[in-house]
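The values are calculated or read from the model by the stated rules, or taken from the named source; none is laboratory data. Source: prediction; values computed, not measured. A quick note on method: Cβ atoms are made from the backbone with ideal geometry, for glycine too, and the neighbour counts reach across all protein chains shown. Note: areas computed on protein heavy atoms with side chains; ligands, DNA, RNA excluded. Shrake-Rupley method; radii C 1.70, N 1.55, O 1.52, S 1.80 Å.
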Amino acid sequence: MIDGLTVDELRRKRVAVLLSGGVDSSVVVWEFARRGLHPDCFYIKIGPEEKEEWDCSSEEDLEMATAVAAKYGCRLQIVDCHREYWNQVTRYTMEKVKAGFTPNPDVMCNRLVKFGAFDEKKGHDYDLIATGHYARTEVTDGEKWLVTSPDPVKDQTDFLAQIYDWQLRKAIFPIGHHVKNEVREIAEAEHLVNARRKDSQGICFLGQINYNDYLRRYLGDCPGDVIELETGKKIGEHRALWYHTIGQRKGLGFGGGPWFVVKKDVERNVLYVSHGYDPATAYKQDFKVHDFHFLTRRDVLATGGKVTFKIRHTPEYHPAEVERLSDHEFIIHSVEPIHGVAPGQFCVVYDACHHRCYGSGEITF
């Protein structure tokens, strides 16, 4: 079985594998090949605009993807989604950052590019799109659900919680039943060229580029005051609010620390900091989520319903109760106060035992 599908079922399907050059998607190809299946592989090109300046890793990615595809007798094609990425995902990121929100470009990359633009260009010729995400799917009464991986640290359902229902129906995650160490062990045993390659960190299209350098290039600086929350005393100036996130400690550069970012006032262009990591104002127990996107069914969230959720990519799931305001607007009543809740973050909601992922919506204050 591969993500719930038998070999016979897979033989009757046209399968495309998104091969990135990393170890996870490479083991996806192995999962097929060891069963005598040789799906078409695709390398999606979404590198930065200024290739001659910023493109430090995509050449190596493509070399490794080419080697893996050849090892298992699979055809590899390059699909250029560069323009779609920069027109859609970058625009989303810049608009959210300028408005003072905390966006997640990787979430939108999955919806708009890996399962979106790719489908328009090549994926529409295939029944299934396989990726190296740590996630699983299950079908119950004809409905397909996104479910969590057994590896709580690597689980990536939060990054997939905004894909469309038709995208989920085509998606399969062949390594979702593994934990990361198992994937590494398989790669080592198979002598894959990238077996010991480090996992990519940060935003998927930046490679080794510093995120603040990326923001500076497109938004510039916008200096303003830095104020101590408890005293109202000015302790310095920031270069721009978009270089800072709620809960941030490192890289602030102010004397008399440690300082933590606890609040941003976009209208007044003021950054509020505190000596304490956990002043009461840095916690929220009740917060609104709007534009909620359901993955499978729209009736899974009702007032009084018990759920779990996460607001950032961490292993922890927080228990909560839901209050329904409208079809796509809810209040999450967390059992415990949550640190660093920021507008623009995605609140990803799961069932009470954090097995099925219901979807996600943007936090708003």
Out-of-range pairs (alpha-carbon distance over 31 Å; input LYS250/LYS310; LYS170/LYS284; LYS144/LYS306):
LYS170/LYS284
Please list 3J(HN,Hα) in residue order for segment 310-327, calculated via the Karplus relation 6.51 cos²θ - 1.76 cosθ + 1.60 where θ = phi - 60°; whole Hz, with x for glycine and proline.
9, 10, 8, 7, 9, x, 7, 10, 9, x, 7, 10, 9, 10, 8, 9, 7, 4
Find how much the distance from LEU325 to GLU188 grows on full extension, using 0.36 nm per residue of separation minus their present alpha carbon separation; answer in nm with one decimal.
44.2 nm
Per-residue accessible area, 1.4 Å probe, largest first, puts LYS288, LYS263 in the order LYS263, LYS288
P(r) of segment 106-210 over all Cα-Cα pairs, binned every 5 Å from zero, in whole percent:
2, 11, 19, 21, 21, 16, 8, 2, 0, 0
Residue-normalised 222 nm signal for the chain, counting each DSSP H run of n ≥ 4 as -39,500 (n - 2.57), nearest 500 deg cm²/dmol, is -5500 deg cm²/dmol
By accessible area with a 1.4 Å probe, ligands and nucleic acids excluded, highest first: order of PHE260, PHE365:
PHE365, PHE260
Please name whichever of ALA195, LEU215, VAL335 sits farthest to the positive end of the charge dipole of the chain, dipole taken about the Cα centre and charges placed at Cβ: Lys and Arg +1, Asp and Glu -1.
ALA195
Where Rh is the Kirkwood radius over the Cα pairs of segment 26-180, the temperature 20 °C and the viscosity 1.002 mPa s, what D in µm²/s does Stokes-Einstein return?
127 µm²/s
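Find the percent of Cα-Cα distances in segment 168-274 that exceed 16 Å, and round it to a whole number. Could you put the intermediate results ahead of the total?
On the way: 3967 of 5671 pairs.
The calculated P(r) of segment 168-274 puts 70 percent of pairs beyond 16 Å.
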I'd like the accessible area for THR245, computed on protein heavy atoms only with a 1.4 Å probe and all protein chains in place. Round to 10 Å², please.
70 Å²
For GLN77, enumerate residues with amide H under 5 Å from its amide H, sequence gap 5+ or separate chain, H modeled in the peptide plane.
CYS41, PHE42, TYR43
From most to least accessible, 1.4 Å probe, no ligand or DNA/RNA atoms counted, TRP30, TRP259 line up as TRP30, TRP259
Carbon and sulfur atoms: what percent of the 1.4 Å accessible area of the chain do they account for?
47 percent
With every protein chain present, what is the per residue accessible area of the chain (1.4 Å probe, Å²)?
46 Å²
Quick one: if you stick a label point 7 Å off each Cα along the C-beta vector at HIS275 and ASP8, how many nm between them?
7.1 nm
ASP125-ARG83 pseudo-label distance in nm [points 7 Å out on the Cα-to-Cβ vector]:
1.9 nm
So what is the relative contact order of segment 68-166, in percent, for Cα pairs below 8 Å that sit 6 or more residues apart?
23 percent
How much length is gained if the chain between THR140 and ASN181 is pulled fully straight, taking 0.36 nm per residue apart and subtracting their Cα-Cα distance, in nm to one decimal?
11.8 nm
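I want to verify the translational diffusion coefficient of segment 276-365 in µm²/s; compute it with Stokes-Einstein, Rh as the Kirkwood radius over Cα pairs, at 37 °C and 0.692 mPa s. Numbers along the way, then the final one.
Working: Rh = 12.9 Å.
For these conditions, the coefficient is 254 µm²/s.
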What's the long-distance tail for the chain, i.e. % of Cα pairs beyond 29 Å?
45 percent
What list of ³J(HN,Hα) couplings, whole Hz, do you get for segment 182-196 from phi and the Karplus terms 6.51, -1.76, 1.60, once you set θ to phi - 60° and write x for glycine and proline?
5, 5, 4, 5, 4, 4, 5, 5, 8, 6, 5, 4, 10, 4, 10
Gain in span if fully extended, ALA302 to THR314, counting 0.36 nm per residue against the direct Cα distance
1.8 nm
